[in-house]
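Have a look at the structure below, then the notes.
The values are calculated or read from the model by the stated rules, or taken from the named source; none is laboratory data. These figures come from a predicted structure and were not determined experimentally. FYI the Cβ positions are ideal-geometry reconstructions off the backbone, even for glycines, and counts take in every protein chain you see. For accessibility, only protein heavy atoms count, side chains too; no ligands or nucleic acids. Shrake-Rupley method; radii C 1.70, N 1.55, O 1.52, S 1.80 Å.
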Amino acid sequence: IDIRIGVLNDRSGIYADLSGEGSVIAARMAIEDFGAADKGINVEILSADHQNRPDVASTIARQWYDNDNVDVIADVPTSSAAIAVHEITREKNRVFIVSGAASSDLTGTMCSPNTAHWTYDTWALANGTGSAMVQEGFDSWYFLTADYAFGHALEADTSAVVEASGGEVLGTVRHPFPGQDFSSFLLQAQASGAKVIGLANAGGDTVNAIKQASEFGITQAGQALAGLLIFITDVDALGLNDAQGLVLTEAFYWDLNDETREWSERFEAQRGAKPTMVHAGVYSGVLHYLKAVEHAGSKDAELVMAAMRELPIEDPVMGGGELRIDGRKTHDMYLFRVKSPDESSGPWDYYEHLATIPAETAFRPLEDGGCELVN
Amino acid sequence: MTDQTMSGAPVNEKTRQPLRVPVLHMGIFAALLIFFLAAPFFLYPVFLMKVLCFALFACAFNLLLGYGGLLSFGHAAFFGGASYISAHAAKMWGFTPELAVLLGTGAAAVLGLVIGSLAIRRQGIYFAMVTLAFAQMVFFFSLQAPFTGGEDGIQAVPRNLLFGLFDIRHDRAFYFFVLAICFGGVLLIYRIIHSPFGQVLKAIRENEQRSISLGYQVNRYKLAVFVISATLAGTAGATKALVFQLASLTDVHWTMSGEVVLMALLGGIHTIFGPIAGAALIVAMQNYFAGFGAWVTVLQGAIFVIAVLLFREGIVGVIGKWLKKPL
Amino acid sequence: MAEAAPKLDTAPLLAVRDLEGWYGESHVLHGINLDVAQGEVVTLLGRNGAGKTTTLKAIMGILAKRKGSVTLNGRELIGLPSRDIARAGIALCPEERAIFSSLSVEENLMLPPRVKPGGLSVEQIFEMFPNLKERLSSQGTKLSGGEQQMLAIGRILRTGANLLLLDEPTEGLAPVIVQQIGATIAMLKQQGFTIVLVEQNFHFAASVADRHYVIELGKVIDTIPNAELEENIEKLHAYLGV
Amino acid sequence: MSDTDVILSAKGMTKQFAGFMAVKDVNLDVKRGSIHAMIGPNGAGKTTCFNLLTKFLQPTAGSISFNGKDITTMAASDIARLGMVRSFQISAVFPKLTVLENVRVALQRRRGGNFDFWRSQRVLNQFDEEAMRRVEEVGLTDFAGELAGELSYGRKRALEFATTLALEPELLLLDEPMAGMAQEDIERISALIKRISANRTILMVEHNLSVVADLSDKITVLARGQVLAEGDYETVSNDPRVIEAYIGVGHG
Amino acid sequence: MFELLGIAPQALFGQLLLGLINGSFYAMLSLGLAVIFGLLNIINFTHGAQYMMGAFVAWMLLTYFGLSYWWALVLVPVIVGASGIVIERLMISRLYHLDHLYGLLLTFGLALIIQGLFRNQYGVSGMPYSIPPELQGGTNLGFMFLPNYRAWVVVASVVVCFGTWFLIEKTRLGAYLRAATENPTMVGAFGINVPRLITLTYGFGVGLAALAGVLAAPIYSVNPNMGADLIIIVFAVVVIGGMGSIMGAILTGFGLGLVEGLARVFYPEGSAVVIFVIMAIVLLIKPAGLFGRTA
Ligand SMILES: Nc1ncnc2c1ncn2[C@@H]1O[C@H](COP(=O)(O)OP(=O)(O)OP(=O)(O)O)[C@@H](O)[C@H]1O
Ligand SMILES: Nc1ncnc2c1ncn2[C@@H]1O[C@H](COP(=O)(O)OP(=O)(O)OP(=O)(O)O)[C@@H](O)[C@H]1O
Ligand SMILES: [Mg+2]
Ligand SMILES: [Mg+2]
């Protein structure tokens, strides 16, 4: 069987570090580890840059499906781009394994039989950070929200979790996107007296907000900062000095156990940096896809998706889990706190493990998403 | 194309000669039409549709720059604005494609009227800056307005039945719909340039004060050409939204305004066919160089710099110079 | 052609030989020859477009393309950028006056740097043009045309340049101001300045100059000493098409 | 003076620039069919007056009427439509249009709106004949197909006249038509002005006193923004105030 | 307690102060832009990229050469300014005789190139750059905690802005510059080396952008896109102030910082557009901008 995998992600923009070339490496590692060549499956990887633009993503996806006989597209960070690919994949009846994008709508109101959302989503992040922090006593929140659909969704998800866990939301301030200076908003957050400032934004906005929070001594003054969508690469960019104390949720950390350490070392040898959870997700997703193709003996999207749901998911990187009917793949999520420079033993030693959220409760319950495939 | 009978008018040798040029132009238009009719059978139709939409966009933009002498750095507002409107109409209200495009076009016209009536009060760089600023306002509005879907844009826009009758969901069928719109738009622009209105525009560009002193209400002409340009840019944007079944922030971002300037400049701003060539080149480049990541921007920037420094007449402008014919 | 250059008693301060000049592709000067002695006032007369302004520009080095020879006290100036020619002691008062609107009258006056010792002091300039003193702080281009002309002349007197090129200093000025400028030129001559004057108004030229060069189509076609003007008046009228 | 005699009239016309009075309370009556000159020292406000009369500037105070119609608040382009057209000091042609097209732009205005962008410009051919006649009038027939920008200065001037005349204006305003011209051209243009003045009114600004003496029926002398004297050349040139402010004692 | 529209006056002071600090950046960037526009008649679209380069070069000096913030403050404007000089000599100088729009297009292209190159080399996540130890910490003003570094930014910016204003409007050198803008040929004919003057002016304007970049590095994310979005706002500032007016650029920069600060309190969603709305209003009422001369 000839398989073509298209790794479509950001090669030059804000998510290039957390996905980018690393995702191609992760996909290649999955093919090698699966031993595709020995099993008579001939796999080829294509990759392209969608520049975080839905229009570019949709052009490339169409072209891949129409002209280049691509069978599966993997990764696709940036929700808008992922949604574009999601729709086209459904139309063309292929397979889409999302690792980089966050929008939980992909498995909710928009869900499709052709999409597997592999690594994380906004609901899981909100849930992980929101509920775990309230349980630790951080029960009053104030949100700094990027003023567009994504920020609003992140804020709404988290507020719901915070309130459901017994906490309260004291207020919210919506900042323009993209923003540069957050000090004014941070002061408003500080004045609210909330115990936690939730950052319902992403990328450069989050980085700037964290940097300025440190400058204004917000964390020193006793308020906690919770990143609702932040990756280890952002922490790396900020430096521990500014990022310390930040609480966040991830699906993967290289230093979790011996298996993740071993895999991450192999990855680092090729990439020059530790993998992110997005890389881990691409690896895990592609590996499982290949297993399903082998099992089904075909690359027909329907058969493969069925096999992917049927087969148990187990790999050294993301552990066990299952692929639900709405396309959501479940696994454990982890709550971390960023170490201070003193606690860190060196490069990439950034996280202190706070809690594990078991796969069963880590993701949005099947019936809450509004997916029409769930009956 | 023969000289209309002007009984007894002393027709000077030199005034008769330019009449040959329209024949040449019609020939080129015919060749283009034949090419585009045949193209979808050996080129990827989606790519071709993108070229067509951008060609119309660039021509509309260039009507303002090349023939009105006004550099707008905010044309993305009309292109993107219209694409949102038509996507929304098609998706939420189930408009048929032709109505959706029409509505987007109309919205761009209104927007053009509003922005234009403020912007034409200034000239040159000031005009460019003012249009940029207004486009920026449109961008922020698009980012925040509830119906635009923020970052996600309006996705999965359906291609409804054309005139409520014909199924054009398939790319190749849809292609001819797009071809009709874009080709028609470009022909209209050609006609505008060579209309009595175009003649006044030319005079205004050449010497504004003198035109006023001859009794032309310069600002009305400027506004009119601005609105026409915005409207046709809107047509292009509205069509593009249906082609890609998507309206997104990219189309209203200021870099889109920059891109259309690049297309016109690269092709040749004082030419009819330049913007078409420029659009085709840039779109092809974006498509085939997509794998180069950030190098695409570097490359675009380099083309900008080279075009400004070395061949300001643009590709078609240079060819026209060789042929000693305005193209 | 060399016959157009008259014999002077002393070595000329400014000697122009076979000066040619172009605007882009169009060839405007076709071999100008001039000799101006220290302390002389000479005029360049000629029809519109004869190349008078262009001659001055070529001497000043602000004509992009020129060739031939221009020497000041024996020093070759052709090929030097205009800033070095200015520093050699030549100053131009251009046809359009070039008063800077973003500068005050005082800044305009003080703008050209001193290139040589021996320039007039600001006091002396004010003595010559009392109008300027009253309007020092106003914007340069808010002055009336005549005052602008005074300012344009005044500011090059400060620099120490002793060869002044004045291009139609009377154009567009009220007759009353023309007379004032005539008096100024006479005074400058007395102070030892050398002046090359371009004029349309040849009554005015006759009242101030020592010698007249007639230029046509980029060439000097005749030289008339002011003393012999009477005898040559018919010829001159023919040259100027009056 | 009865209204029918006066074609253009300004009452108390004043213009103030950021605290500076350029034109102060000027009253001006231009008689129909005359050549009226405006002279005065530099900075007297002549060009400013022109700009006010043609509405290129808005007066601070005062009123202007043309043919008995109040035009104080009209737009510059509307003034031209009423039949009052100005020329400019520096060559005001459309350089990249041919000579014929230059004239045609003026004729085309008769069509009214001209916003019909859907029509072919061939509808303009109807004006070719008349345009050609205008071109002929100023002796430019041989250059009809040439680009205006490539004409020599004097011919540009002539073309400008042709274009202006094509509008058949009742009143023509000329700002220093002789500025920077050599003697021979001055005579040619004088003759042209005389010829075109046959059945229209001309108001002009000019520094060349002999031209003014030769052409004008009436002269208004401005100084410091105000009318200093008014009358025919004889009266004005002997007025001691005019001599002091403008002509100078040494003249002629 | 006395409240104004639901905001304690103390908090309002804090917000105004923050607005002023942001205004410092606007002022410095629009000042550089106004200097270049006023004197070269070029809209420098590369300005944002040069601001970004300022921040990046500071980071490089620290990372590769171990040179501290204070060294960067001195060296970076010189280094980036020098790169500007090269650009001016090689490219911009060829455009002076053309329509100004070509300058806009050229610098737009250059901005794309510079930003693209930095993205390729350094990615976009941003580089860490810390506040220098001397300026860490802050002062409690009673109504707010003012980080020392921000106080320093305001002081530095005010000094630089008014220094530049003085240099251009009040000195002989400034007179040369202004005169050269109007009529370079004549100024050359007075014995002044105009091309060098213009080149240095561009370098100076670029240096100002770079200096703003260094000042921004410790508080904003140092990444290749940091200037791209800012530049549009700065354009608006310059348009509102009146293009080419030095004082206009400075005052409008600070003023709009304040206005934006207020908007962030009372209507945070609109704080990004408020500048453009003001611009539209200003253009309606005063087409030449607040401090601009009418052409
Ligand atoms: N910038 C220019 N580009 C091209 N040709 C020019 C330019 N300036 C002048 N010329 C041409 O050069 C010739 C000489 O012009 P110049 O200005 O020297 O004449 P002039 O004797 O000073 O005339 P005037 O009395 O009108 O000032 C003319 O034919 C003119 O058309
Ligand atoms: N836009 C303006 N702003 C300020 N002052 C102005 C403006 N336009 C003209 N002036 C001033 O108004 C006065 C009259 O100028 P105007 O141009 O009308 O003079 P003029 O009589 O035409 O002189 P000339 O014979 O020199 O052309 C001058 O002092 C001039 O400086
Ligand atoms: Mg001359
Ligand atoms: Mg005047």
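Among the conditions (1) closer than 26 Å to A:Tyr148 by Cβ; (2) modelled with pLDDT of 95 or more; (3) among the hydroxyl-bearing types (Ser, Thr, Tyr), the only one that B:Thr231 does not satisfy is (1). Please go through the range A:237-284 and give me each residue that is in contact with a strand residue (DSSP E or B) (Cβ under 6 Å, 6 or more places away or on another chain) and among the hydroxyl-bearing types (Ser, Thr, Tyr), ordered by number. Residues satisfying the conditions are A:Thr249, A:Tyr253, A:Ser284.
Of everything listed in (1) free of Cβ contacts under 8 Å to residues at least 24 places away in the same chain; (2) over 24 Å from E:Tyr122 (Cα atoms), the single unmet condition for A:Ala16 is (2). Those strands (runs of 3 or more DSSP E) of the range D:6-73 in which at least 2 residues are within 14 Å of chain C (Cβ to nearest Cβ) and more than 16 Å from ligand 3 (Cβ to nearest atom), considering only elements entirely within it, cover D:6-17, D:20-31, D:35-39.
Condition check: part of a helix (DSSP H, G or I) and not small (Gly, Ala, Ser). Does C:Leu45 satisfy that? Judged against the criteria, C:Leu45 is not a match. For the range E:59-118, filtering for residues that are among the hydrophobic types (A, V, I, L, M, F, W, C) and away from every other protein chain (no Cβ under 11 Å) leaves 19.
If we scan the range C:200-213, do we find a residue that is crowded, with 18+ Cβ neighbours inside 10 Å, in a helix (DSSP H, G or I) and within 16 Å of ligand 2 (Cβ to nearest atom)? No, the range C:200-213 contains no residue that is crowded, with 18+ Cβ neighbours inside 10 Å, in a helix (DSSP H, G or I) and within 16 Å of ligand 2 (Cβ to nearest atom).
Just one of the listed residues (B:Leu262, B:Leu223, B:Leu249) is open to solvent by less than 10 Å² (accessible area, probe 1.4 Å) and touching a helix residue (DSSP H, G or I) at 6+ places or on another chain (Cβ under 7 Å), and it is B:Leu262. Exactly one of (1) more than 16 Å from ligand 4 (Cβ to nearest atom); (2) touching an Asp or Glu at 6+ places or on another chain (Cβ under 9 Å); (3) within 30 Å of C:Leu240 (Cβ to Cβ) is unmet by C:Glu96. Its number? Every condition holds for C:Glu96 apart from (1). Between C:Gln124, C:Gln179, the distinction of being within 14 Å of chain D (Cβ to nearest Cβ) and either within 16 Å of ligand 3 (Cβ to nearest atom) or part of a helix (DSSP H, G or I) (or both) belongs to C:Gln179 only.
Going through the range E:270-287 one residue at a time, which ones are surrounded by fewer than 22 Cβ atoms within 10 Å (Cβ to Cβ), more than 16 Å from B:Phe141 (Cα to Cα) and among the hydrophobic types (A, V, I, L, M, F, W, C)? Result: E:Ile281, E:Val282, E:Leu284, E:Ile285. Taking (1) farther than 22 Å from A:Leu240 by Cα; (2) within 14 Å of chain A (Cβ to nearest Cβ); (3) not in a helix (DSSP H, G or I) in turn, E:Trp152 satisfies each apart from (3).
For the range B:141-152, give me each residue that is surrounded by 21 or more Cβ atoms within 10 Å (Cβ to Cβ) and modelled with pLDDT of 85 or more. Selection gives B:Ser142 alone.
Scanning the range B:166-208 for residues that are in a helix (DSSP H, G or I) and surrounded by fewer than 18 Cβ atoms within 10 Å (Cβ to Cβ) yields a total of 8.
Within the range C:65-87, the set of residues being in contact with a Gly (Cβ under 9 Å, 6 or more places away or on another chain) and more than 9 Å from chain E (Cβ to nearest Cβ) comprises C:Lys65, C:Arg66, C:Lys67, C:Gly68, C:Val70, C:Leu72, C:Asn73, C:Leu77, C:Ile78, C:Gly79, C:Leu80. Inspect the range C:54-65 for any residue being away from ligand 2 (no atom under 16 Å from the Cβ), surrounded by fewer than 16 Cβ atoms within 10 Å (Cβ to Cβ) and more than 17 Å from the chain's Cα centre (by Cα) and give the result as yes or no. Yes: the range C:54-65 contains one or more residues that are away from ligand 2 (no atom under 16 Å from the Cβ), surrounded by fewer than 16 Cβ atoms within 10 Å (Cβ to Cβ) and more than 17 Å from the chain's Cα centre (by Cα). The residue of the range C:214-242 that is most open to solvent (accessible area, probe 1.4 Å), among those that are away from chain D (no Cβ under 13 Å), closer than 28 Å to C:His27 by Cα and without any contact (Cβ under 8 Å) to a residue 24 or more places away in the chain, is C:Lys235. Residues in the range C:139-174 that are assigned to a helix (DSSP H, G or I), within 16 Å of ligand 4 (Cβ to nearest atom) and not basic (Lys, Arg): C:Thr141, C:Gly145, C:Gly146, C:Glu147, C:Gln148, C:Gln149. Annotation note: of D:Met13, D:Met38, D:Met21, the sole residue that is closer than 29 Å to D:Ile247 by Cβ, open to solvent by 50 Å² or more (accessible area, probe 1.4 Å) and of a type in the set (A, V, I, L, M, F, W, C) is D:Met21. Just the residues that are part of a strand (DSSP E or B) and open to solvent by 50 Å² or more (accessible area, probe 1.4 Å), please, taken from the range A:28-44. Across the range A:28-44, the qualifying residues are A:Asn42, A:Glu44.
A count restricted to the range C:92-110 and to residues that are buried (at least 17 other Cβ atoms within 10 Å of the Cβ) and under 22 Å from C:Gly218 (Cα atoms) stands at 4.
In summary, A:Asp10 fulfils each of the numbered conditions (1) surrounded by fewer than 23 Cβ atoms within 10 Å (Cβ to Cβ); (2) within 12 Å of chain B (Cβ to nearest Cβ); (3) among the charged types (D, E, K, R) with the single exception of condition (1). Take the conditions (1) more than 14 Å from every other protein chain (Cβ to nearest Cβ); (2) more than 16 Å from ligand 3 (Cβ to nearest atom); C:Leu29 misses just one of them, which is (2).
Given the residues B:Gly215, B:Gly237, B:Gly301, which is the only one that is assigned to a loop (DSSP other than H, G, I, E, B), within 12 Å of another protein chain (Cβ to nearest Cβ) and open to solvent by less than 10 Å² (accessible area, probe 1.4 Å)? On inspection, the qualifying residue turns out to be B:Gly215. Please specify each residue of the range E:234-262 satisfying the condition of being crowded, with 23+ Cβ neighbours inside 10 Å and within 22 Å of A:Thr145 (Cα to Cα). Scanning the range E:234-262 gives E:Gly257, E:Glu260, E:Gly261. For first residues located in the range C:52-74 and at positive phi and outside any helix (DSSP H, G or I), partners that are charged (D, E, K, R) and within 9 Å of ligand 1 (Cβ to nearest atom) and lie 6+ apart or on another chain with Cβ distances below 9 Å do not occur. Within the range E:171-193, does at least one residue satisfy the condition of being open to solvent by 60 Å² or more (accessible area, probe 1.4 Å) and touching a Gly at 6+ places or on another chain (Cβ under 8 Å)? Among the residues of the range E:171-193, not one is open to solvent by 60 Å² or more (accessible area, probe 1.4 Å) and touching a Gly at 6+ places or on another chain (Cβ under 8 Å), which makes the answer no. Counting only helices (runs of 4 or more DSSP H) that fall entirely inside the range A:149-250 and contain at least 3 residues that are aliphatic (A, V, I, L, M), the qualifying elements are A:149-164, A:183-191, A:203-215, A:232-238.
Taking (1) free of Cβ contacts under 8 Å to residues at least 60 places away in the same chain; (2) away from chain B (no Cβ under 14 Å) in turn, A:Ser47 satisfies each apart from (2).
Condition test on D:Thr163, is it away from ligand 4 (no atom under 16 Å from the Cβ), at pLDDT 80 or above, among the hydroxyl-bearing types (Ser, Thr, Tyr) and crowded, with 18+ Cβ neighbours inside 10 Å? In short, yes.
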